[in-house]
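K.L.:
Have a look at this one.
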Amino acid sequence: MSELELTTDRTQRIKDVLWALTFAGLVAMLLRFVFGLGATTNLDDRVPWGLWKIFNMISGAALATCGFTVGFLGHVLHLKPFDRMVKPAILVAFLGYGASLFALLFDIGLPWRFWHPFVHWNIHSFLFEVFWCVSCYFVITFLELSPTLLERLGLAKLRGVLSKAAGVFVIIGITLSSLHHTSLGSLFLVTPQRLHALWYSPIISLLFIISAIGGGLMLLALIKTLHSWWYDPSRVFGGTMVREGVVCKTCGGDSENGATPEGPDLHVVRALVTAGAWVLSVYLLLKIGDLVLRPEARAALLAGTWESVLYVVELLSAAILPVLLVLIKPVRRSPYALAVTAGLAAFGLALNRVDVGIFGYFRDAGELYFPSAIEWVITFGVLAMAGLAFFFIIENFSVFDDRWKRLADSELKFSSSFDRLTWVWNHRLMTGLERASLIALIVLPLAWITLYPPFLESTPPDTRAPLAVDAARDTLRIDANRDGLDAVFAHTAHKQRLGGEESCVNCHHLSMPADRATPCSECHRAMEAETVIFNHEQHLAWVAEDKELGGWIPENQSCVECHSGQARSAASAKACMECHREDMHAVDPANGRLAQFAATSYHSAMHNTCIPCHTENALTQNRPELDRCTTCHQFGVPEGLEENLQMRELVEVRIRRQ
Amino acid sequence: MQAWIDFAMGPLFAFSLGVMALGLLRHLVLQLDTLFRRKRSRLKYMPWNKMLHDSLEWALPVRHLTSGNVIFSNASFVFHIGAILVPLFYAGHIVLWEQWLGVKLWSIGNGFADVLTVITILAVLVLLVSRIAVPRLRAISRNSDVSLLVLILLPFISGFLAAHPAFNPLPWQTMFLIHLLSAEALLILVPFTKLSHIVLIFFDRISEIHWQLRPGAGDRVAETVLGKEAKV
């Protein structure tokens with residue numbers, strides 16, 4: 001097995017998943033813009049931010065700090081093992097910040113106005129500062145990365161200029177990063193009444209930047225290890241890595257003593273993890289000090305709530321375990337243990353930001369925020385896009401190594417010979433556009449039907465039955481949506497005024513078959529949505545029984561009893577009253593056909609019954625107060641609504657008179 | 001049962017139509033990509049006239065219906081008429097296209113659709129029997145060639161029975177669900193099986209197989225398609 005096939009093997013499955021998530025994300029992004037935030041997310045006025053802002057933006061930016069820390073260690077201090085990691089660190093920062101900003105586009109209500117903070121300055125807002133720093137830093141990371149990209153694309157002159165300016169970029173980057181990481185913490189400083197006592201701390205900005213520096217270094221160590229695992233295991237994992245029939249060329253080593261020869265890059269990983277652990281130990285000391293000095297935090301920790309458990313898990317993963325693990329010598333020598341340490345710290349850092357932004361923040365919202373499917377899919381879709389960009393850049397540019405130069409010559413040449421189908425499947429379909437498009441054609445429709453909001457509509461909540469229960473009362477208080485603000489309806493008075501028993505049909509337009517006191521909510525089941533009230537399946541059997549149809553299966557003969565014409569659809573069906581002349585009561589028997597076999601929303605059913613009559617009487621009896629919202633709704637009519645409606649009415653009346 | 005029918009007519013139909021449309025689009029794009037990117041240098045040698053001539057001739061293959069296995073060829077030709085017209089222009093389907101794609105197609109009369117459906121079913125049966133019983137045809141038939149024919153039978157038969165209650169041995173809903181599910185299975189299979197010739201047929205005339213086979217490649221065709229040496 002050649003090296004080429006081995007490497008495609010190790011990353012292929014990951015890339016497949018990333019492509020699938022990317023395509024699902026694209027569908028979710030489209031749906032988010034078509035249907036809006038309210039319909040596609042579980043965010044509302046009480047939970048104004050969620051997964052995108054906290055996980056993608058705040059956690060993402062925190063994890064991408066390696067760009068400026070390693071840039072500082074390598075470029076400014078010229079420390080030995082770190083200078084080799086500057087390019088990967090900048091790539092991680094570029095993609096991390098890019099993904100954060102991209103996810104933010106879906107979070108803000110009017111994404112096309114994302115540039116407004118550049119022009120309209122609100123110098124009192126921490127977010128204003130964060131926005132400026134993050135967007136400027138993103139540009140800086142791109143400028144820092146560009147010499148690497150230009151190396152392959154040519155343009156040597158431009159590359160020279162950019163390389164010379166690298167030092168300046170690094171310093172600007174360090175400034176911008178330290179500014180916005182502290183500001184992200186300060187953001188929560190202004191909400192002591194919302195943030196849980198465990199996380200609300202006067203030094204939260206300091207905690208934010210220190211944990212971000214430590215966790216960022218850990219993430220870079222993890223990425224370096226993974227890169228080696230995917231492309232060249234001997235670099236980090238050493239020479240004896242024999243797996244899945246891979247015969248390693250550098251298997252020499254000190255086999256007599258049974259010791260594993262170290263990979264030549266393991267010391268880089270170790271240096272990153274150790275540096276990260278040093279920073280995290282400072283973070284841990286600050287955290288402990290913070291806990292000791294704030295009595296309310298101590299009380300909250302001992303309270304045994306699930307927040308205190310979360311806090312312990314977070315601190316264990318983010319600081320305690322990584323620091324302790326690095327103290328153990330075998331851990332420092334094992335690439336696997338180092339990867340686990342780095343992974344723990346990175347996970348703990350992300351969890352910390354989610355704790356501060358979501359778990360510790362929305363207690364008072366009264367309900368647990370759980371992101372909707374579309375929120376999850378966009379979150380991971382954006383991350384997957386960044387992942388694919390990562391793979392593309394490291395495979396085609398000199399970020400970690402000069403791999404692309406070696407592979408450029410050995411690329412598979414297209415063969416015009418008649419290929420075996422299996423060969424086509426395994427090789428031509430296994431890479432690039434062909435494979436990605438194959439994933440797309442499954443994932444795109446699947447994501448569409450699982451995320452498309454109209455397909456997800458659950459059965460609307462039933463409204464209370466106002467008529468059947470309250471028929472005997474003089475005055476009905478109708479509060480179908482149960483918001484405590486009821487409309488008052490003088491039922492008996494209306495009956496007398498409109499002409500006694502015979503006037504019932506004026507409002508009660510249609511009853512269920514064989515039922516004379518059908519409550520409105522029996523058919524108008526949802527407050528704002530239409531309800532399908534026609535049971536097609538049952539009708540097949542009812543019609544067959546009623547008409548005494550014969551044949552093998554009587555139900556099968558019943559189609560033509562109602563449907564005429566070529567196509568059997570709702571449009572070609574009979575009106576209800578044609579059969580239900582005896583047992584249903586309708587105002588106008590000829591008009592007893594149910595439009596679309598659906599009942600309108602409860603809201604419009606009520607309004608459309610009352611308002612036309614009231615409007616007419618307001619005009620004919622010259623009693624304008626009859627036509628006001630407050631005639632029925634004594635409370636809860638929004639201010640200004642009435643005036644708007646009346647303006648509209650006036651215009652309509654004027655048009656009618658003309 | 002009604003819930004299953006609603007699901008099959010709603011999300012599942014959208015899914016299968018999406019898979020088919022995207023899959024065919026993918027074939028189209030990859031074919032054009034192959035043609036223009038990888039073969040640009042050879043395009044000038046392409047026998048454009050012959051390709052056009054062949055394509056038009058195969059659209060109405062009168063000459064090919066009178067030679068070779070006449071029964072098989074004619075059954076295949078007749079089958080394609082019904083297989084294209086009935087799914088697209090049957091009155092009950094037009095409602096579906098209007099609902100999902102917003103296009104109003106013309107309708108063939110229900111009586112004509114019935115006749116076409118019966119003819120199509122008979123044609124498929126002829127093709128099926130030929131592929132199994134005639135040794136020459138059997139030798140060049142893959143498993144998928146036979147099983148796809150069986151799968152194609154299902155929506156035609158179930159659709160016919162659902163529309164004709166008098167002959168229907170099952171409850172209407174059951175038959176209709178079978179019709180929906182089998183037709184949707186076919187739609188999903190289109191991009192992954194030889195059914196993709198819906199789009200690829202237009203590229204057959206310009207594919208490498210047609211105009212630049214190497215000398216002796218014919219022997220390898222059978223080997224490639226069948227995975228074994230053909231005994232024809």
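The values are calculated or read from the model by the stated rules, or taken from the named source; none is laboratory data. Everything quoted here is computed from the prediction, not taken from an experiment. Please note: Cβ atoms are built from the backbone with ideal geometry, for glycine as well, and neighbour counts cover all protein chains shown.
K.L.:
Against the conditions (1) surrounded by fewer than 17 Cβ atoms within 10 Å (Cβ to Cβ); (2) away from chain A (no Cβ under 14 Å); (3) under 19 Å from A:ARG568 (Cα atoms), where does B:GLY111 fall short? Just the number, please.
P.N.:
(2)
K.L.:
Within the bounds of region A:213-234, is there any residue that is exposed (fewer than 13 other Cβ atoms within 10 Å of the Cβ), modelled with pLDDT of 90 or more and closer than 24 Å to A:VAL326 by Cα?
P.N.:
So the first thing to find is which residues in region A:213-234 are exposed (fewer than 13 other Cβ atoms within 10 Å of the Cβ), and the list is none.
No: zero hits.
Every residue, every condition in (1) surrounded by 22 or more Cβ atoms within 10 Å (Cβ to Cβ); (2) assigned by TED's automatic domain parsing to the domain that holds A:VAL76; (3) among the small types (Gly, Ala, Ser), yes or no:
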| site | (1), (2), (3) |
| --- | --- |
| A:LYS164 | no, yes, no |
| A:ILE171 | no, yes, no |
| A:SER177 | yes, yes, yes |
| A:HIS181 | yes, yes, no |
| A:PHE188 | yes, yes, no |
| A:ARG194 | no, yes, no |
| A:LEU198 | yes, yes, no |
| A:ILE203 | no, yes, no |
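So that you can scan it fast, the table gives a plain yes or no per residue for (1) modelled with pLDDT of 85 or more; (2) charged (D, E, K, R); (3) surrounded by 13 or more Cβ atoms within 10 Å (Cβ to Cβ); (4) in contact with a Gly (Cβ under 6 Å, 6 or more places away or on another chain):
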{"position": "B:GLN99", "(1), (2), (3), (4)": "no, no, no, no"}
{"position": "B:LEU116", "(1), (2), (3), (4)": "yes, no, yes, yes"}
{"position": "B:THR120", "(1), (2), (3), (4)": "yes, no, yes, yes"}
{"position": "B:LEU137", "(1), (2), (3), (4)": "yes, no, yes, no"}
{"position": "B:PHE176", "(1), (2), (3), (4)": "yes, no, yes, no"}
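K.L.:
Next up: Which one of these does B:LEU153 not meet: (1) in contact with a strand residue (DSSP E or B) (Cβ under 7 Å, 6 or more places away or on another chain); (2) away from every other protein chain (no Cβ under 14 Å); (3) among the aliphatic types (A, V, I, L, M)?
P.N.:
Among (1) in contact with a strand residue (DSSP E or B) (Cβ under 7 Å, 6 or more places away or on another chain); (2) away from every other protein chain (no Cβ under 14 Å); (3) among the aliphatic types (A, V, I, L, M), B:LEU153 violates only (1).
K.L.:
Within region A:556-580, track down each residue that is among the charged types (D, E, K, R) and at the interface with chain B (Cβ under 9 Å from one of its Cβ atoms).
P.N.:
Just the residues of region A:556-580 that are among the charged types (D, E, K, R), to begin with: A:561, A:568, A:574, A:578.
Result: A:ARG568, single match.
K.L.:
Among the residues of region B:1-23, count how many are more than 7 Å from every other protein chain (Cβ to nearest Cβ) and at pLDDT below 90. Break it down into steps so the answer makes sense when it comes.
P.N.:
Filtering region B:1-23 down to residues more than 7 Å from every other protein chain (Cβ to nearest Cβ) leaves B:3-9, B:12-13, B:16-17, B:20-21.
So of that shortlist, the ones also at pLDDT below 90 come out as B:3-9.
Within region B:1-23, residues that are more than 7 Å from every other protein chain (Cβ to nearest Cβ) and at pLDDT below 90 number 7.
K.L.:
Quick check on region A:577-595: of everything there that is touching a strand residue (DSSP E or B) at 6+ places or on another chain (Cβ under 8 Å) and outside any loop (DSSP other than H, G, I, E, B), which residue is modelled with the lowest pLDDT?
P.N.:
Here the answer is A:ALA586.
K.L.:
Here's something else I'd like to know. Scan region A:491-508 for residues that are surrounded by fewer than 17 Cβ atoms within 10 Å (Cβ to Cβ) and part of a loop (DSSP other than H, G, I, E, B) and jot them down.
P.N.:
Across region A:491-508, the qualifying residue is only A:GLY499.
K.L.:
It is to be established whether one or more residues within region A:247-259 are over 24 Å from A:PRO322 (Cα atoms), at pLDDT 50 or above and charged (D, E, K, R).
P.N.:
Looking through region A:247-259, none of the residues is over 24 Å from A:PRO322 (Cα atoms), at pLDDT 50 or above and charged (D, E, K, R).
K.L.:
Another one. Show me the helices (runs of 4 or more DSSP H) found entirely inside region A:156-238 where at least 2 residues are closer than 28 Å to A:PRO295 by Cβ, touching a Phe, Trp or Tyr at 6+ places or on another chain (Cβ under 9 Å) and of a type in the set (Val, Ile, Thr). Before the answer, list the steps.
P.N.:
Numbers: elements: A:156-164, A:166-189, A:204-231, A:234-237.
Counting at least 2 such residues, we get A:204-231.
K.L.:
Among the residues of region B:163-186, is any away from chain A (no Cβ under 13 Å) and among the acidic types (Asp, Glu)?
P.N.:
Scanning region B:163-186, I find no residue that is away from chain A (no Cβ under 13 Å) and among the acidic types (Asp, Glu), so the answer is no.
K.L.:
Which pairs turn up if I take residues in region A:519-547 that are assigned to a helix (DSSP H, G or I) and look for partners that are β-branched (Val, Ile, Thr) with beta carbon separation below 7 Å, at least 6 apart in sequence or on another chain?
P.N.:
A:SER521/A:THR463; A:CYS523/A:THR531; A:CYS523/A:ILE533
K.L.:
Hey, does region A:105-119 have a residue that's hydrophobic (A, V, I, L, M, F, W, C) and touching a residue at least 24 places away in the same chain (Cβ under 8 Å)? Please lay out each step first, then the result.
P.N.:
Keep residues of region A:105-119 that are hydrophobic (A, V, I, L, M, F, W, C), which gives A:105-106, A:108, A:110, A:112, A:114-115, A:118-119.
This time we only want the ones that are touching a residue at least 24 places away in the same chain (Cβ under 8 Å), so: A:106.
Among the residues of region A:105-119, at least one is hydrophobic (A, V, I, L, M, F, W, C) and touching a residue at least 24 places away in the same chain (Cβ under 8 Å), which makes the answer yes.
K.L.:
Going by the structure shown, is A:VAL488 of a type in the set (Val, Ile, Thr) and either exposed (fewer than 13 other Cβ atoms within 10 Å of the Cβ) or modelled with pLDDT of 80 or more (or both)? Show your work before the answer.
P.N.:
Details: of a type in the set (Val, Ile, Thr): yes; either exposed (fewer than 13 other Cβ atoms within 10 Å of the Cβ) or modelled with pLDDT of 80 or more (or both): yes.
Against the criterion (of a type in the set (Val, Ile, Thr) and either exposed (fewer than 13 other Cβ atoms within 10 Å of the Cβ) or modelled with pLDDT of 80 or more (or both)), A:VAL488 qualifies.
K.L.:
Looking only at region B:102-161, how many residues end up being within 14 Å of B:ALA183 (Cα to Cα) and hydrophobic (A, V, I, L, M, F, W, C)?
P.N.:
Of the residues in that region, 10 qualify.
K.L.:
Okay, next question. What number goes with the only condition from (1) in a loop (DSSP other than H, G, I, E, B); (2) at pLDDT below 85 that B:LEU170 does not pass?
P.N.:
(2)
K.L.:
Quick one: would you say A:THR274 is free of Cβ contacts under 8 Å to residues at least 12 places away in the same chain and hydroxyl-bearing (Ser, Thr, Tyr)? Show your work before the answer.
P.N.:
Working: free of Cβ contacts under 8 Å to residues at least 12 places away in the same chain: no; hydroxyl-bearing (Ser, Thr, Tyr): yes.
No; evaluated as a whole, the condition is false for this residue.
K.L.:
What are the residue pairs meeting all of these: first residue in region A:549-562, first residue in contact (Cβ under 8 Å) with a residue 12 or more places away in the chain, second residue among the basic types (Lys, Arg) and part of a helix (DSSP H, G or I), Cβ atoms under 7 Å, and 6 or more apart or on different chains?
P.N.:
Close Cβ pairs satisfying both conditions: none exist.
K.L.:
What pairs come out if I take residues in region A:14-27 that are acidic (Asp, Glu) and pair them with residues that are at pLDDT below 95 whose C-beta lies under 8 Å away, six or more apart or interchain?
P.N.:
What qualifies is A:ASP16/A:ARG435; A:ASP16/A:ILE439.
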